[in-house]
1. Could you grab the pairs with beta carbons closer than 9 Å, sequence gap of 6+ or different chains, first residue in the range 348-359 and at positive phi and touching a residue at least 12 places away in the same chain (Cβ under 8 Å), second one β-branched (Val, Ile, Thr) and part of a loop (DSSP other than H, G, I, E, B)?
2. Go through the range 331-382 and tell me which helices (runs of 4 or more DSSP H), entirely inside it, have 2 or more residues that are crowded, with 20+ Cβ neighbours inside 10 Å and not aromatic (Phe, Trp, Tyr).
3. With respect to residue 195, is the statement that it is over 18 Å from residue 251 (Cβ atoms), part of a loop (DSSP other than H, G, I, E, B), open to solvent by 20 Å² or more (accessible area, probe 1.4 Å) and hydrophobic (A, V, I, L, M, F, W, C) true?
4. Only one of (1) at pLDDT below 85; (2) of a type in the set (S, T, N, Q); (3) more than 19 Å from residue 210 (Cα to Cα) is not met by residue 248, so which one is it?
5. Which is open to solvent by 60 Å² or more (accessible area, probe 1.4 Å), of a type in the set (D, E, K, R) and within 30 Å of the chain's Cα centre (by Cα), of 110, 154, 159?
6. What's the number of the condition residue 272 fails, among (1) modelled with pLDDT under 95; (2) not in a loop (DSSP other than H, G, I, E, B)?
7. For the range 162-187, which positions are open to solvent by 60 Å² or more (accessible area, probe 1.4 Å) and in a helix (DSSP H, G or I)?
8. Going by what's in this entry, would residue 281 be described as of a type outside the set (Phe, Trp, Tyr) and open to solvent by less than 40 Å² (accessible area, probe 1.4 Å)?
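The values are calculated or read from the model by the stated rules, or taken from the named source; none is laboratory data. What you see is a predicted model, and the numbers here were worked out from it, not measured in a lab. Here Cβ is always computed from backbone atoms with ideal geometry, including for glycine, and neighbour counts include all displayed protein chains. What goes into the accessible areas is simple: the full protein's heavy atoms, side chains included, and nothing from ligands, DNA or RNA. Shrake-Rupley method; radii C 1.70, N 1.55, O 1.52, S 1.80 Å.
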Amino acid sequence: MAATLLLFIAIVNYTTSFYGENRLMPVSLVMITAAAFMVAVYFPNFGALLKIGGLMFFVAAFLSGYGNWLPQVEGGFPPKEEKLEYSGMTAQQLADEGEKIIFGGVGKNKEQGAIGKGQCPLCHAFHAGMLGERAPNLNGLPERAGKERLDDPKYSKGKPAGRDYAQKEAFPGSGTAENAIEYIAESHACPNCYVVAGFGVKGTNDKESPMPSIHKPPISLSIDELVAVDTWLFVREGRDAPSFEEISKAYEKFIPEADRPKKQEEKSGPPSALMADGTEPVDQILAKAQCVSCHTIPGIPGANGTIGPKLVEGTNAPSRIKDKDYKGTAKSTSDYIMESIVSPSAYVVKPFPDNTMPKVFGQKLSAGALKKIVDYLSQVYEGKEPPKIS
């Protein structure tokens, strides 16, 4: 009777699955169970064995039949990532997206080493009392932008020709910022248009900024993403953020249409948490990691930074390993370079202060990217032709 009941349940649940495969398993188990008990009746010598086997198949058939009776969930590929419509977001939603872009996730703004696509924490601090060696602390920026920066005589509000910086305007005819919203937009689009005293490239008398234009490669934030970042700067301080349209208009003033990166929804492929995955040539890896902004690296275009030491590691590494102040464990040039990327405090090159270089590149660069950097820098010697880029 039990076998007959299970057979009925199995037949009722005999359907075609979502993958095009039928459910014959519970049917076959029930049939075997019924056959085992029937044979046990006619062949008593094997009755005990067949009954034990029948009981096992009975249990298996029950569990399988019950499992098929439960509602089934269709499998397949995960759903496509929804396109973000920034223009329709609330201020808080925009701020959350901005925090993701800056730090890599909501709530990560106080985590040590949290860095998102914008790479802002590589240079800036964001909380009161924290000092940044390479860029100003952005705590209180919305208020400071209007009350201090625009009133600075060196800013030359409305008179770009009077500026004494590496750039007069973001582009010819763009003019200068007239309010705090525009100041923040201009500082992102044209960092060389105004340099906060003490944070310029060494040797330029604060006339040139080490910061790249973040709407250009390798960071390439779209205007929508920049709006989200600026919204977070307001919201996180409890201030009413300007509207999406107001901030967008500010960026459109300083970024010509031809230079505007595509919006996120027009880009192909999922975003990567890595700065570089190792498939890029070494010069692109060094640019994406912003090494070129801080170091002078022979053979790498645009690598003229003076915030960190010149990277001629083929020459420098052997002597630094032998230095009495060396705290690391490297035994070779390649090991030293890798260690200096992952644990920069193992040896601090004088006169540069400790903790100038972020300790995040071990997590933000793939093993392949790190290897390319190490292979290249280990072949760079003072006074010799640098290796070819690969």
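1. Sorted first by the residue in the range 348-359, then by its partner, the pairs are 355/348.
2. Counting at least 2 such residues, we get 333-342, 367-377.
3. Taking the combined requirement at face value, the residue does not satisfy it.
4. (1)
5. Just one listed residue meets the conditions, 110.
6. So the condition that residue 272 fails would be (2).
7. none
8. No, not satisfied.
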